[in-house]
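The structure under discussion appears below in the form of structure tokens.
The values are calculated or read from the model by the stated rules, or taken from the named source; none is laboratory data. The shown structure was predicted, so the numbers you read here are calculated from the model rather than taken from an experiment. Virtual Cβ from ideal backbone geometry, glycine too; neighbours counted across all protein chains shown. Side chains included, ligands, DNA and RNA excluded: accessible areas come from the protein's heavy atoms. Shrake-Rupley method; radii C 1.70, N 1.55, O 1.52, S 1.80 Å.
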Amino acid sequence: MTVRTRIAPAPSGYIHVGNARTALYSWLFARQQGGVFVLRVEDTDAKRATQEGFEGALEDLRWLGLSWDEGPGPGGEFGPYRQSERFEGYRAATLSLMESGHAYRCYCTADEVAARRARKGGAQGYDGHCRKLSELERSELQRSGRPSAVRFKVPDGRTISFDDVVRGRVETGTEQIGDFVIQRSDGSPTYLLAAGLDDLLMNITHIIRGEDLIPATPRQILLREAMGATDVPVFAHLPLLVDERGRPLSKRWGDVAVRSYRERGFLSQAMVNYLALLGWSYDDRTNIFSLEELVDRFSLERVGRNPAAFDENKLEWLNLHYIKQTEPGELARELMPICAAAGIDAEVTVLEAVAPLLVERLRRLDEAPPMVRFLFQEVAPDEKALKVLAGQGDYLKAVLEALENLPEWTAQAIEDRLRELASERALKPKQAFQPIRAAVTGTLVSPPLFESLEILGRGRTLQRINSLTAGQVG
RNA sequence: GGCCCGGUAGUCUAGUCUGGCUUAGGACGCCGCCCUCUCAAGGCGGAGAUCACGGGUUCGAAUCCCGUCCGGGCUACCA
């Protein structure tokens, strides 16, 4: 039987890193097993689902490189893949569940159930009120036009167990599960029904999801049984992701969205590599994995059981690694929108020229704008630069002269000439070059000086130095 | 409260099933030195873990058993 896994995001916003990791593991497993990866959108909660959320989620998945074989876009024989388009099926399933005696209408309102729970001293679950209704009471309530939800009839005295690939055997007694709602009084299906039915109908063989869904698993198994399934899928519950303070990441949103990392200049390879390592390891030393290597080496058995804290430091380190491997042309293209966001109207060819200088000093792409700004805009020396420039008028004039007559404008020629000048004046390299850097880039931190000057061009370099010797620095 | 899951350095983890190979290994971060036109990168070195705690089993336990504590999840007509 071919392996089929799925990722089932709720489109209430961009994908956050927890979902991204679940998606990655599901994708890796499917690819490795030569299986099928399904994307299903769980938008049964109309209040939370939005079209932007839907499109944003797909875009984030694509960016990560997690292509789906079935789902919105490619389609597939088990569609539609948006739960909002499958309501008829859920309704029919609910109906047949009622006919077979596995479910019943419940006329209690949420408030009534809560009130009865409170009266019983904070009891949980459903007390079975409507399960015990007589035929007469039932038809009267039905005739009264009172809205009704549908609850699943949880059998008594059974133990539901399953073997979780990452956690081992998990058992739950049915006395701990109250009759749960499968269809809301407005006719929409709940997660339990929708996800359970879809997993069944879409032949999902391996359900990989967060450990917050462990308690939902016995209910899903019961539901499958009632719907006539004879097999149980393999379950793998991933440990939760927490932030640096140990708080669950799922409680936070925007700032932990994949999209926001992307906007801050993280490469998708770094994100994928990092996510893979968050909760899984190959051995005791390997850190760098391409997607292909992950497909080859990933295994659910080696997923850890303890919650993992998202550490941006390590993500940045991986990012640096992948930035170093990025071709100049590609890096330049990646940098264009980031420069634009920083108010720099950059030229891609110029960025391509500086890319080799940038590549070893960027942990995030958004660190680039301050380093390249001087190439595209006139710059006024910042406070620290002014300090270095103080009293350098005479020296800068000498620099100007030296550079004016250079036969060729290359980094090598510039360096040779400036070093010559420095030794003539008995200046240490740092003393000699920092003022020039300050004059040309307006700052004390920039890409390597000589290469930077070459890219800036002779005209602009001389003009910037000249404008400073003209007065301000004395 | 009940049920469930987890607990190796600041962080991710290896080792736990099949006790000795571990003076607990690697990586990020941190500190120092080297390199150096700045910032990085790179090289070398270092600090950092009573393996949550307490008992027990054993010649020997991070690894097996029991108890405790701490953290988290679920307990919805959210997913």
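Considering segment A:425-447, and only residues there that are out of contact with any helix residue (DSSP H, G or I) (no Cβ under 6 Å at 6 or more places or on another chain) and part of a loop (DSSP other than H, G, I, E, B), the residue that is least open to solvent (accessible area, probe 1.4 Å) turns out to be A:LEU427. Quick check: is even one residue across segment A:281-290 closer than 28 Å to A:GLY53 by Cβ and open to solvent by less than 40 Å² (accessible area, probe 1.4 Å)? There is no residue in segment A:281-290 that is closer than 28 Å to A:GLY53 by Cβ and open to solvent by less than 40 Å² (accessible area, probe 1.4 Å).
With respect to A:ALA236, is the statement that it is away from RNA strand B (no atom under 13 Å from the Cβ), open to solvent by less than 50 Å² (accessible area, probe 1.4 Å) and not in a helix (DSSP H, G or I) true? Against the criterion (away from RNA strand B (no atom under 13 Å from the Cβ), open to solvent by less than 50 Å² (accessible area, probe 1.4 Å) and not in a helix (DSSP H, G or I)), A:ALA236 does not qualify.
Residue check: is A:LEU95 loosely packed, with under 14 Cβ neighbours inside 10 Å, away from RNA strand B (no atom under 13 Å from the Cβ) and of a type in the set (A, V, I, L, M)? Here the answer is yes, as A:LEU95 does meet what is asked.
Table: residues versus (1) free of Cβ contacts under 8 Å to residues at least 60 places away in the same chain; (2) touching a Leu at 6+ places or on another chain (Cβ under 8 Å); (3) within 19 Å of A:VAL256 (Cα to Cα).
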residue: A:ILE7; (1), (2), (3): no, yes, yes
residue: A:PRO11; (1), (2), (3): yes, no, yes
residue: A:VAL17; (1), (2), (3): no, yes, yes
residue: A:ALA20; (1), (2), (3): no, yes, yes
residue: A:VAL41; (1), (2), (3): yes, no, no
residue: A:GLU52; (1), (2), (3): yes, no, yes
residue: A:GLY56; (1), (2), (3): no, no, yes
residue: A:LEU61; (1), (2), (3): yes, yes, yes
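Restricting A:ARG417, A:ARG361 to residues that are open to solvent by 10 Å² or more (accessible area, probe 1.4 Å) and not in a loop (DSSP other than H, G, I, E, B) narrows the list to A:ARG417.
The set of residues in segment A:49-92 that are part of a helix (DSSP H, G or I) and among the hydroxyl-bearing types (Ser, Thr, Tyr) comprises A:SER84, A:TYR90. Among the residues of segment A:121-159, those that are in a loop (DSSP other than H, G, I, E, B) and in contact with a Ser or Thr (Cβ under 8 Å, 6 or more places away or on another chain) comprise A:PRO147, A:SER148, A:VAL154, A:PRO155, A:ASP156, A:GLY157, A:ARG158. Filtering segment A:278-293 to residues that are in contact (Cβ under 8 Å) with a residue 12 or more places away in the chain and either within 23 Å of A:VAL242 (Cβ to Cβ) or within 13 Å of RNA strand B (Cβ to nearest atom) (or both) leaves A:LEU278, A:GLY279, A:TRP280, A:SER281, A:TYR282, A:ASN287, A:ILE288, A:PHE289. Within segment A:163-181, the presence of a residue that is among the aliphatic types (A, V, I, L, M), without any contact (Cβ under 8 Å) to a residue 40 or more places away in the chain and surrounded by 15 or more Cβ atoms within 10 Å (Cβ to Cβ) is excluded. Scanning segment A:448-459 for residues that are over 19 Å from A:PRO356 (Cβ atoms) and either exposed (fewer than 15 other Cβ atoms within 10 Å of the Cβ) or within 15 Å of RNA strand B (Cβ to nearest atom) (or both) returns a single hit, A:GLY459.
Across segment A:98-136, the qualifying residues are those that are acidic (Asp, Glu) and within 15 Å of RNA strand B (Cβ to nearest atom), and the one among them that is surrounded by the most Cβ atoms within 10 Å (Cβ to Cβ) is A:ASP127. Scan segment A:160-213 for residues that are within 25 Å of the chain's Cα centre (by Cα), part of a helix (DSSP H, G or I) and within 23 Å of A:GLY34 (Cα to Cα) and the total you get is 2.
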